[in-house]
1. Determine the pairs where a residue that is in the same structural domain as GLY153 (by the TED database) and surrounded by 12 or more Cβ atoms within 10 Å (Cβ to Cβ), located within segment 86-100, has a partner that is modelled with pLDDT of 75 or more and not in a helix (DSSP H, G or I) with Cβ atoms under 6 Å apart, the partner being 6 or more residues away or on another chain.
2. State which residue is farthest from MET209 (Cα to Cα) when the search covers only segment 1-13 and only residues that are at pLDDT below 80 and surrounded by fewer than 10 Cβ atoms within 10 Å (Cβ to Cβ).
3. If you go through segment 151-163 one residue at a time, do you hit one that is more than 17 Å from the chain's Cα centre (by Cα), in contact (Cβ under 8 Å) with a residue 12 or more places away in the chain, part of a loop (DSSP other than H, G, I, E, B) and surrounded by 12 or more Cβ atoms within 10 Å (Cβ to Cβ)?
4. Please work out if ARG133 is more than 24 Å from GLY179 (Cα to Cα) and among the basic types (Lys, Arg).
5. Which ranges mark the helices (runs of 4 or more DSSP H) fully within segment 32-128 that have 1 or more residues being at pLDDT 80 or above?
6. Quick check on segment 193-201. Is at least one of its residues over 14 Å from the mean Cα position of the chain (by Cα), assigned by the TED database to the domain that holds ILE80, in a helix (DSSP H, G or I) and more than 29 Å from ALA42 (Cα to Cα)?
7. So which of VAL227, VAL217 is over 28 Å from ALA42 (Cβ atoms), part of a helix (DSSP H, G or I) and at pLDDT below 75?
8. Which residue out of ILE72, ILE104, ILE111 is among the β-branched types (Val, Ile, Thr) and touching a Pro at 6+ places or on another chain (Cβ under 9 Å)?
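The values are calculated or read from the model by the stated rules, or taken from the named source; none is laboratory data. Model, not experiment: these values are computed from the prediction. Cβ: placed from backbone, ideal geometry, glycine included. Neighbour counts: every protein chain shown.
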Amino acid sequence: MGVFLENVRVPLPYFSIAKRTCRIGRPRIFGQFPYLIAIAVAWCICLLLTVTEVEPKGGEARTDKNYTMAVIAQSPWFQIPYPGQFGCPHVSFGLTLGFLSSCIACMMESIGDYQTCARVSHQRTPPSSSVNRGIIFEGVGSALAASVGLATGVTTYAENIALMHITKVVSRSTMQVAGVLLVLTGLFTKCAAVLASIPDAVIGGILAMGVAMITGVAISNLQLEVVRLIKNVDLRLTRNLTIMGTAILMGAVIPHHFENNRVNTGVKTMDDCLNMLLSIRMLIAGVVAFILDNTVPGATREQRGFALKDLNENISAEDDGYAPPPIVRR
């Protein structure tokens, strides 16, 4: 529906402080708030299906599931999370090693998300300093989340890039306000519990649309990246073609082998660590490509794909989308 009505302008009255009169605005409601409208409409349909008993008991589209109602009833109105709320933290060598490998894979994904976000917001390729800042604050956010008992890390979310592409809103101020609203929602746990009660069918539909959009954005980005890759990497060299093919092959074969033939050294902790590491395809392919590209001779840095930096590039802080806020630059 949002695709068909994206450019439809809905007349809405508002009060103009400057003119001191009531005026009629025509914003693009369906184009700017597609997700909110979709969630509201789908939630109302799920409520109608629940009231009319069209959706069977225990169905994914029902809004009166016992556990969701219990979460809303038992949640306090206001609660501040604090470190140690769920007990003293424990450190496991196996889990630490496993999460470390996951972090490496997430960093690779985040770098791709940064480039896709830059493409959507019509910015230049993120410089290394901006990528470093992003990864550092992902680590800070994950450490803060872990200190209050969150079981998952904090990283970039590709569906948010799709939302930016749909709404055409890429302002950092907007994202900062959204972050503040999320923090407030987490503090008022009754509101968070209501959001957690959204039917699974609605969540699945929203995620499906987000994945569809980010897939389209990724394909368009892939087209440009392939052109850039062919331009920068010398694919006429047998060395480069061999490294690319070997990394892809090993990334598919090695995890498949160890999924069917588990490592058994006799030490459970070691077995868990090795089985976890050897089953991550992105990690295996990346490690193989990294080792081969840095050890096999026969190509210059330019032939390997390292683009030469323009040292004369001078962009003012006001026009640079990666510059820190003015209060930080002082």
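1. Once the first residue is in the same structural domain as GLY153 (by the TED database) and surrounded by 12 or more Cβ atoms within 10 Å (Cβ to Cβ) and sits in segment 86-100, no partner that is modelled with pLDDT of 75 or more and not in a helix (DSSP H, G or I) comes close enough.
2. ASN7
3. The initial filter retains those residues of segment 151-163 that are more than 17 Å from the chain's Cα centre (by Cα), namely none.
Taking every residue of segment 151-163 in turn, none turns out to be more than 17 Å from the chain's Cα centre (by Cα), in contact (Cβ under 8 Å) with a residue 12 or more places away in the chain, part of a loop (DSSP other than H, G, I, E, B) and surrounded by 12 or more Cβ atoms within 10 Å (Cβ to Cβ).
4. Against the criterion (more than 24 Å from GLY179 (Cα to Cα) and among the basic types (Lys, Arg)), ARG133 does not qualify.
5. 34-51, 93-120
6. No: zero hits.
7. VAL227
8. The conditions single out ILE111.
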